[in-house]
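Since the structure comes first, as structure tokens, the remarks are kept for the end.
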Amino acid sequence: MSENSADTPEPDSIEALRHDLTELSSRTTSRHRYLTREINALGILVVLMLAGGIIVAIVGALWSGSSPTTADDDLDQLLAPGTHCYRSSEEMAAARQRALAAIDRLQWDRDHRSSDDTEHGPYYSPPALTQAPPALPSIVGAKDPGVPQPGDNQNVDTDLCFGIPKRVG
């Protein structure tokens, strides 16, 4: 007999060919499983990256970083020339009402100067003004002429904005 091991059949026999075919088949199946796992892992990675990109795009669209004034903490900011925009119509209406009330108060103070709070006494008549007092701010539409507009890259809903034109004089 030949020096072949007990598991290995005679070369060129049908059993040898069947053994080689079985071995090739098992290697092919093993490689197929490996490649399938790799392709599935790559597919999952691509899906996760796409989902992450979509989430980042949605958050970026909803989170507008640089927008016109959205919170006016004091009257100087509220009455500053420019477009004043808000997140809701209620918030815009409240801020607009505050601005109108502040302008009315400034006008009233200008028209009713009190002589009681001067250092010269209650009957002191101040000297006449040599210059006209500065113009009071006015509230107009966000797109009206004279209102400084926000940058082109800002998405602004003008229904949620009012404008204060630059003062002349």
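Under 5 Å between amide hydrogens, built in the peptide plane, is the criterion, and for Gly82 it picks out Ile164 among residues at least 5 positions away or on other chains. Heavy-atom accessible surface of region 12-62, averaged per residue, reaches 91 Å², computed with a 1.4 Å probe.
Taking only protein heavy atoms and a 1.4 Å probe, the accessible area of region 12-62 is 70% carbon and sulfur. Between Arg110 and Trp63, the FRET efficiency from the beta-carbon distance, with R0 = 35 Å, is close to 0.25. A simple spin-label model places pseudo-atoms 7 Å from Cα toward Cβ; at Glu38 and His19 they are separated by 3.0 nm.
Against the empirical 2.2 N^0.38 Å (N residues), region 12-62 has a Cα radius of gyration ratio of 2.24. Projecting label points 7 angstrom from Cα along Cα→Cβ for Lys166 and Ser26 puts them 8.6 nm apart.
The values are calculated or read from the model by the stated rules, or taken from the named source; none is laboratory data. Given the structure is predicted, the values throughout are model-derived calculations rather than measurements. Every residue, glycine among them, receives a Cβ derived from its backbone with ideal geometry; neighbour counts consider all protein chains shown. Surface accessibility is based on the protein's heavy atoms, side chains included, excluding ligands, DNA and RNA. Shrake-Rupley method; radii C 1.70, N 1.55, O 1.52, S 1.80 Å.
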